[in-house]
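The values are calculated or read from the model by the stated rules, or taken from the named source; none is laboratory data. Please read all numbers here as calculations on a predicted model, not as lab measurements. Here Cβ is always computed from backbone atoms with ideal geometry, including for glycine, and neighbour counts include all displayed protein chains. Ligands, DNA and RNA are stripped out before the accessible areas are found, and what is left, the full protein with its side chains, is counted by its heavy atoms. Shrake-Rupley method; radii C 1.70, N 1.55, O 1.52, S 1.80 Å.
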Amino acid sequence: MQDLTSGKPAKVILMFAIPLMLGNMVQQLYNISDTLIVGQTLGVNSLAAVGATGSIQFLVMGFVQGFSSGMAIITAQRYGAQNVRGVRESYAASIVAALIMSLILTVVSLVFIDNLMHAMQMPAAIYGQAKLFIGIILAGTVMTIGYNVISNALRAVGDSKAPLYYLIIGMIVNVSLELLLILKFHWGVEGAATATVFAQFVTVVISHWHITRYTDTLRLSWSDFKLKKGDLRQHMMAGLPMGFQQSIIAIGSVTLATAVNTLGTDAVAANTAASKVDQISTQLLMSVGVAMATYTAQNFGAGKYDRILEGVKSSLKMSISMSFVLGAIEVIFGRILVTLFVGAGQHEVMDLAQEFFWANGPFYFILSTLFVLRYTLQGLGDVRTPTFAGMGEMVMRTITAFALVGWLGFFGASLANPLAWLGSLLFLVPAWLRMVKRLRQLIKPAAVEENLN
């Protein structure tokens, strides 16, 4: 476990973020394996079927990730305040809340899946395969939320390495089982989805085993589940806004996917393949933001407000520098990477994917700033501003997607992302400037008290 309340902020953040970056890379490989294996073994239509459900997955799984991250902020703040009992109670409350939420999400998503797919104008040629794939994924929501709760709790107490190790194991299980089910048993997209859910189950089991054996701070007894009055409500109120924030952003992605669906199967396949390449870069940038959430929460709990301001400056420099490098790599080499998903002969798909890279890669510096500010505010307990920022992102992505598709086609749809990032910053920047003033006011009495002691 890593204490983020001491040491040089830049170094501490980087060392905590590196396992997160590797973990997010593995997570993307985890997700990409479905697309890559399906695209190379089952063809473009199956690739489009899997890809067309990506925004639906984001809608549900984004909520899961945001919900579990929000609850982990409370855990991290209690850890920073050295409240070990409070950390365990927070983890127990997170588990109970996650079980409740997973049941609700599973039932609701499966009941309304047909309505959502029809609303998205899912092409008839891929509808059956898409519904089969996403149905199995949604049925395994409890596994997804289970892993996210455990991994976020570990990160809250400063352990960003264990989630990485067990995610790697999960990816190996996923790829191996997927190849077996598709190539040997000919399960098609059903095999890809089944392998993904089973691999998530494996990560939940081994992550829980890790905690019971190696992480005393999170090792629970039955007494920890005797929640104090208001504890479950507190965690729900911390998790729900962040979950809704991610879902709001995902609604914008669903709308964008709907616009892309009107352009035909090649456009859907290009968007699928290019998005997978793009997600590698965006997840690396997001890792710095996620690190800032834990860093900020621990230091806020410890009352070290000056370290928060210094950490934000360091993380912005780090993240923006990364964004220029990643954007250049994507624009220059993205077309080559797309061939991993569709093969070298799909020239129309590859040309469209290159348009996507030109529309997104040069503007990653906006996204990197967004991630740092959003997660820092969340670490400080501000759940309203990131939610409003998510709404701004959704509205901007929705409006620009349909407005620009008719004018610029696929390139116009691709421009919806950077414009949405700008929409989010319109809320985040003013909120952060107000927070800077508040933190500086808190630093003064803290400094006086320290001098007196």
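A few points about this structure:
- Qualifying residues in the range 127-161 (those that are within 19 Å of the chain's Cα centre (by Cα), farther than 23 Å from S46 by Cα and β-branched (V, I, T)) - the one surrounded by the fewest Cβ atoms within 10 Å (Cβ to Cβ): V142
- Just one of (1) farther than 19 Å from F67 by Cβ; (2) open to solvent by less than 70 Å² (accessible area, probe 1.4 Å); (3) not basic (K, R) fails for A124. It is (2).
- Only one of E393, E348, E355 that is open to solvent by 50 Å² or more (accessible area, probe 1.4 Å), at pLDDT below 90, touching a Gly at 6+ places or on another chain (Cβ under 9 Å) and part of a helix (DSSP H, G or I): E355
- Scanning the range 318-345 for residues that are free of Cβ contacts under 8 Å to residues at least 12 places away in the same chain and either among the hydroxyl-bearing types (S, T, Y) or in a helix (DSSP H, G or I) (or both) turns up S321, V325, I332, F333, I336, T339.
- The lone exception for L220 - which of (1) among the aliphatic types (A, V, I, L, M); (2) more than 17 Å from the chain's Cα centre (by Cα); (3) part of a helix (DSSP H, G or I) it fails: (3)
- Residue match in the range 262-269 (condition: surrounded by 22 or more Cβ atoms within 10 Å (Cβ to Cβ), touching a Pro at 6+ places or on another chain (Cβ under 9 Å) and within 30 Å of S102 (Cα to Cα)): yes
- Counting only residues that are buried (at least 18 other Cβ atoms within 10 Å of the Cβ) and either of a type outside the set (F, W, Y) or farther than 30 Å from L370 by Cα (or both), the range 216-249 holds 17 of them.
- Cβ-Cβ under 7 Å pairs, at least 6 apart or on other chains, the range 350-361 side on the phi < 0 side of the Ramachandran plot, far side open to solvent by 10 Å² or more (accessible area, probe 1.4 Å) and outside any helix (DSSP H, G or I): A359/L415
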